[in-house]
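Enquirer: Dropping a structure here in structure tokens format, bear with me for questions.
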Amino acid sequence: MGLVLLLLAPVASAQVYKCKGASGETVYSQDPCGAGSEPMKLRSNRAASESAGEASNRAAVYRSTGMSDAGIAERNCLQGEQTRIYGPLDARTQAVNRQVAELDRQLAAARSAPAETSSPLSNATLESGIRAQMSSLQQSLSSERVAADAQMSTARERCASARRDQEGRVQQQYAAPASTAY
């Protein structure tokens, strides 16, 4: 019986030939397909288990990828928060700048008004009122900027905390034995 198995072993491992098809494409066949066919070496199937070094390398790659993902998530978090917090403030800043420019034009017009059409007292009162409006707008904008900066500081802390949590989970996952880490 053992002798029969030894004789059949070469037959059981089939030969594969690499051939060119009619339109030039590569074709693989178990039978020789012509003068230009050449036998190919088949790769043996990889062992089902991996070595400790391979498992360690794979875990290191996954850990590194997980850490990179945590950094990217933090950066995306910060960008989203910055847009959410500073976007409306930037729009408000543009609107206030337009209002201040208009008030500045009104102030220049009040200064250059002819003396016979208005009294010096009324011009001084008008200029004072315009300056007060400009100051009020700028103070309001400054307060909004301080509030936005405080919100962004809190958002930075929240995004950094989420990153630390994610990095901790990655470290914990890949510090476990290889059989449970995947």
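Enquirer: With the condition kept exactly as written, say whether any residue in the range 154-165 is hydrophobic (A, V, I, L, M, F, W, C), modelled with pLDDT under 90, closer than 30 Å to residue 68 by Cα and surrounded by 11 or more Cβ atoms within 10 Å (Cβ to Cβ). Explain how you work it out, then say what you get.
Expert: Applying the first criterion (hydrophobic (A, V, I, L, M, F, W, C)) to the range 154-165 yields 155, 159-160, 162.
From what is left, the residues that are modelled with pLDDT under 90 are none.
The answer is no; no qualifying residue exists.
Enquirer: Does residue 9 satisfy being at pLDDT 70 or above and assigned to a helix (DSSP H, G or I)?
Expert: Values: at pLDDT 70 or above: no; assigned to a helix (DSSP H, G or I): yes.
The answer is no for residue 9.
Enquirer: Which pairs have Cβ atoms under 7 Å, sit 6 or more apart or on different chains, and link a residue in the range 65-78 that is closer than 21 Å to residue 154 by Cβ and among the acidic types (Asp, Glu) to one that is part of a helix (DSSP H, G or I) and modelled with pLDDT of 95 or more?
Expert: 74/159; 74/160; 74/162; 74/163
Enquirer: Take the range 17-28 and flag every residue that is surrounded by 13 or more Cβ atoms within 10 Å (Cβ to Cβ) and touching a Phe, Trp or Tyr at 6+ places or on another chain (Cβ under 8 Å).
Expert: Across the range 17-28, the qualifying residues are 17, 18, 19.
The values are calculated or read from the model by the stated rules, or taken from the named source; none is laboratory data. Note that this is a predicted model, so its numbers are computed, not measured. Methodologically, a virtual Cβ is constructed for each residue, glycine included, from the backbone with ideal geometry; neighbour enumeration extends over all protein chains shown.
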